[in-house]
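The values are calculated or read from the model by the stated rules, or taken from the named source; none is laboratory data. All of these numbers come straight from a predicted model, not from anything done at the bench. All Cβ positions, glycine included, derive from the backbone under ideal geometry; neighbour counts span all protein chains shown.
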Amino acid sequence: MDKKDATVISSSIGVGADKYEAVIGLEIHAQLQTASKLFCGDSAAFGGAPNTHISAITMGHPGTLPKTNKKAVEYAIKMGIACNCEIVKDNYFARKNYFYPDLPKGYQTSQHTTPICKGGTVHISTSLGEKEVELNRIHLEEDAGKSIHDLHDDYTCVDLNRAGVPLIEIVTEPCLYSSEEAYQYVTEIRKLVQWIGVCDGNMEEGSLRCDANVSIRLKGEKRLGTKVEVKNLNSIRNVKKAIDLEIARMIEIVEKGGSIVQQTRSYDADNDTTFSMRDKEEANDYRYFACPDLSPFHLTKEFIESIGAALPKLPKQLMASYQQDFGLNAYDASQLCDEKDTADFFNAVAKETTNYKAIVNWITGPVKQYLNDNNLSIGQLNLPAKTLASLIQLINDGKVNFSVAATKIFPLLLQTDKQPLQVAEELNVLQVSDTNELEGWVDEAISKMPDKVTEYKKGKKGLIGLFVGEVKKLSKGKADPKVVTELLQKKLG
C-alpha cells in the first residue's frame with residue numbers, strides 16, 4: 001500500500017485548536033462467539049491452519065444455499081437489549097456489492113434497510129462527567145477473510161477461515177466530541193460484549209475492531225464537516241491516538257486554506273502515522289439489495305423477552321445493587337464490576353460470608369496482585385470461594401492477622417486442597433491470645449527500649465505502634481495485636 005501521503009503529526013492538537021470542535025462517530029465490529037459461521041456449519045473458532053474452516057458454502061460455490069445461524073441472532077438481540085435498543089421484529093439480509101479480495105462470493109451479506117437493533121444508548125464516564133452515547137443501529141453481517149501480505153515477496157495469500165464468521169456492527173450517531181469520549185465508549189463496549197458473553201473482546205486477534213469517522217467544524221457551527229474514516233483500529237489506545245492525529249491533521253489543512261477530502265485512512269502504530277487508503281464510498285456505491293438466498297425472519301415478542309430475561313445484571317445495575325445490598329462504596333463496587341468474572345467470584349464468596357468489605361479487600365489486594373504477577377485471569381484462580389471465606393473468618397475470629405493470612409497462608413492455599421485453619425496450624429502461625437504468654441513478649445519489648453518508654457510517658461502516645469511491632473517480631477507474628485496493644489497501654493500507664 002502506498003504511504004507517500006503518510007501524515008506525521010503530534011497527537012497534541014496545536015494551532016487553531018481552540019477554534020474548532022471535533023465530531024466523531026464510531027463503528028465497532030464484534031465477532032460473535034458462536035460455534036459456527038453466520039450462514040453455514042463451518043467452525044467460527046479463531047486460528048486453525050489456513051483454509052481449514054471452510055466448505056462449499058463459505059467458498060460461495062454455485063448451487064449452495066446459506067442458512068441463518070439462530071444463535072447469532074440471539075446474541076445480536078442480547079447486545080441490543082443491553083444497549084437499550086429497539087429490537088426490530090421483521091428482518092432480512094441484503095447483499096452488499098463491494099469487492100473484498102478475501103470474501104470469495106464477491107459480495108458481503110449484511111443488513112441495510114432493517115438492522116436488527118435500532119437506536120439505543122451506552123453510558124460512559126469521562127473527566128467532564130457522565131454521558132449517554134447515542135447509537136444509530138446494531139446490525140448483523142458476515143466477516144471477510146484475511147489477506148496475508150508478508151509470506152511471499154511476489155504474492156498475497158488469502159486465508160478464508162474468518163470468512164463468514166458472524167459479526168455485529170455497533171454504529172453510533174456522530175455524538176462524540178473528543179478522543180477521550182471515544183476511548184471510554186470503546187472501553188465500555190468491550191466490557192459489555194464480554195459481560196453478556198457475546199464476544200471475547202480480543203482486539204489483538206481481531207474479534208473486536210473499531211473504525212472512527214472523524215470531522216471538524218468551527219465551534220458553534222451546526223453543520224457537520226467532511227468526514228474521514230480511520231479503519232481497523234486494533235486497540236483502545238490506538239483509537240484515541242488515531243483520532244487525535246486526524247483532528248490535528250484536519251485543523252492543520254484548514255488553517256493553511258486547504259479542504260478536507262472524504263477518504264478512508266489507516267493508522268500505522270509503528271510510526272504513529274495515518275495514511276490514505278482510498279476515496280470514501282457512499283452507501284449507494286454498495287448497491288444493496290435483498291439477498292434472494294435467505295428468507296426474511298420474524299422475531300416474536302416472546303422470543304425477544306426470553307432473551308432479555310436470561311441476561312445477567314449489567315455492570316451499572318450490579319454496582320447499584322452492591323452499594324444498596326452490601327453497603328459497599330461506589331469505588332469498591334466499580335472495582336468489582338470491571339470484569340464479570342470478578343463480580344461472579346465476589347458473588348460466590350458473598351454466599352459464604354457477610355464480611356463484604358473484607359471480600360473486596362482480598363479481591364483487589366492479594367488476589368489481584370497474584371493474578372497480575374502470574375498473568376492470569378480470575379477465572380484461572382485455583383481458590384474456591386468457600387476457602388477464601390474460611391480464610392476471612394479466621395481473621396474475623398482473631399486466629400490470624402491479615403498480614404500473615406496474605407503472605408503465608410494464601411500462597412499455600414493456591415497449591416493445596418487443605419483448609420485455611422489446617423494450613424495455619426501446620427505453619428504454626430495461629431495468633432496467641434493467652435495473656436500470660438503475651439506478657440513475656442510485652443515485658444521483653446519494653447525492657448529493650450527504655451528511652452522510648454520515657455518518651456511515651458511524656459506524651460508521645462504514637463510510639464505504641466513501635467512497641468506492638470517489636471512484640472510482633474518477638475512472637476514471629478503470632479501475638480494478637482489487639483490484646484498486645486491493651487497490655488502495653490496498661491503496663492506503660
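Laid out as a table, the results:
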read-out	value
Residue within region 182-192 that is in a strand (DSSP E or B), among the small types (Gly, Ala, Ser) and touching a helix residue (DSSP H, G or I) at 6+ places or on another chain (Cβ under 6 Å) present	no
Among the residues listed as Leu336, Leu388, Leu427, the single one being more than 23 Å from Leu314 (Cα to Cα), hydrophobic (A, V, I, L, M, F, W, C) and modelled with pLDDT of 95 or more	Leu388
Only one of Ser147, Ser125 that is farther than 29 Å from Ala343 by Cα and not in a loop (DSSP other than H, G, I, E, B)	Ser147
Total residues in region 408-420, condition within 27 Å of Pro481 (Cα to Cα) and in a loop (DSSP other than H, G, I, E, B)	3
Filter result (over 21 Å from Val483 (Cβ atoms) and either part of a helix (DSSP H, G or I) or touching a residue at least 40 places away in the same chain (Cβ under 8 Å) (or both)) within region 421-458	Gln422, Val423, Glu426, Pro450, Asp451, Thr454, Glu455, Lys457
Number of the exception - Gln317 against (1) under 27 Å from Val198 (Cβ atoms); (2) surrounded by 14 or more Cβ atoms within 10 Å (Cβ to Cβ); (3) polar (S, T, N, Q)	(2)
Number of the exception - Asn329 against (1) modelled with pLDDT of 95 or more; (2) under 19 Å from Lys191 (Cβ atoms)	(2)
Region 349-380: number of residues that are surrounded by fewer than 14 Cβ atoms within 10 Å (Cβ to Cβ), closer than 25 Å to Gly398 by Cβ and hydroxyl-bearing (Ser, Thr, Tyr)	1
Checking Ser179 against (1) at pLDDT below 95; (2) among the small types (Gly, Ala, Ser); (3) at negative phi, the condition it does not meet	(1)
Verdict on Ile247 being more than 29 Å from Ser110 (Cβ to Cβ), touching a helix residue (DSSP H, G or I) at 6+ places or on another chain (Cβ under 8 Å) and crowded, with 17+ Cβ neighbours inside 10 Å	yes
Unmet requirement for Lys476, which otherwise passes all of (1) modelled with pLDDT under 85; (2) assigned to a helix (DSSP H, G or I)	(2)
Cβ pairs under 7 Å, 6+ apart, first in region 49-72 and in the same structural domain as Pro166 (by TED's automatic domain parsing), second part of a loop (DSSP other than H, G, I, E, B) and of a type in the set (Asp, Glu)	His53/Asp42; Ile54/Asp42; Ser55/Asp42; Thr58/Asp42; Leu65/Asp293; Pro66/Asp293
Region 1-60, residues that are touching a strand residue (DSSP E or B) at 6+ places or on another chain (Cβ under 7 Å), among the charged types (D, E, K, R), part of a loop (DSSP other than H, G, I, E, B) and at pLDDT below 95	Lys3, Asp5
Sole residue being in contact (Cβ under 8 Å) with a residue 40 or more places away in the chain, over 23 Å from Val423 (Cα atoms) and among the charged types (D, E, K, R), chosen from Lys357, Lys316	Lys316
Checklist (1) within 24 Å of Lys37 (Cβ to Cβ); (2) crowded, with 17+ Cβ neighbours inside 10 Å applied to Ile148, failing item	(2)
Test set (1) in a strand (DSSP E or B); (2) surrounded by fewer than 21 Cβ atoms within 10 Å (Cβ to Cβ); (3) modelled with pLDDT of 95 or more - Lys231 fails condition number	(3)
Tabulated pairs, region 379-391, first touching a residue at least 12 places away in the same chain (Cβ under 8 Å), second of a type in the set (Val, Ile, Thr) and surrounded by 17 or more Cβ atoms within 10 Å (Cβ to Cβ), C-beta under 6 angstrom, 6+ apart or interchain	Ala385/Val349; Leu388/Val349; Ala389/Val349; Ala389/Thr353
Close pairs from region 466-493: first free of Cβ contacts under 8 Å to residues at least 40 places away in the same chain, partner of a type in the set (Phe, Trp, Tyr), Cβ under 7 Å, at least 6 apart	Val471/Trp441; Leu474/Trp441
Failed criterion for Ala82 (all others in (1) modelled with pLDDT of 95 or more; (2) of a type in the set (A, V, I, L, M); (3) over 23 Å from the mean Cα position of the chain (by Cα) hold)	(3)
Filtered residues of region 266-283 (kept if buried (at least 20 other Cβ atoms within 10 Å of the Cβ) and either outside the structural domain of Gly25 (by TED's automatic domain parsing) or in contact with an Asp or Glu (Cβ under 7 Å, 6 or more places away or on another chain) (or both))	Thr274
Selection count, region 150-176, where residues are outside any strand (DSSP E or B), at negative phi and not hydroxyl-bearing (Ser, Thr, Tyr)	13
Residue that is farthest from the chain's Cα centre (by Cα), among those in region 203-220 that are in contact (Cβ under 8 Å) with a residue 24 or more places away in the chain and not in a strand (DSSP E or B)	Lys219
Subset of region 479-493 [under 12 Å from Val442 (Cβ atoms) and in a loop (DSSP other than H, G, I, E, B)]	Asp480
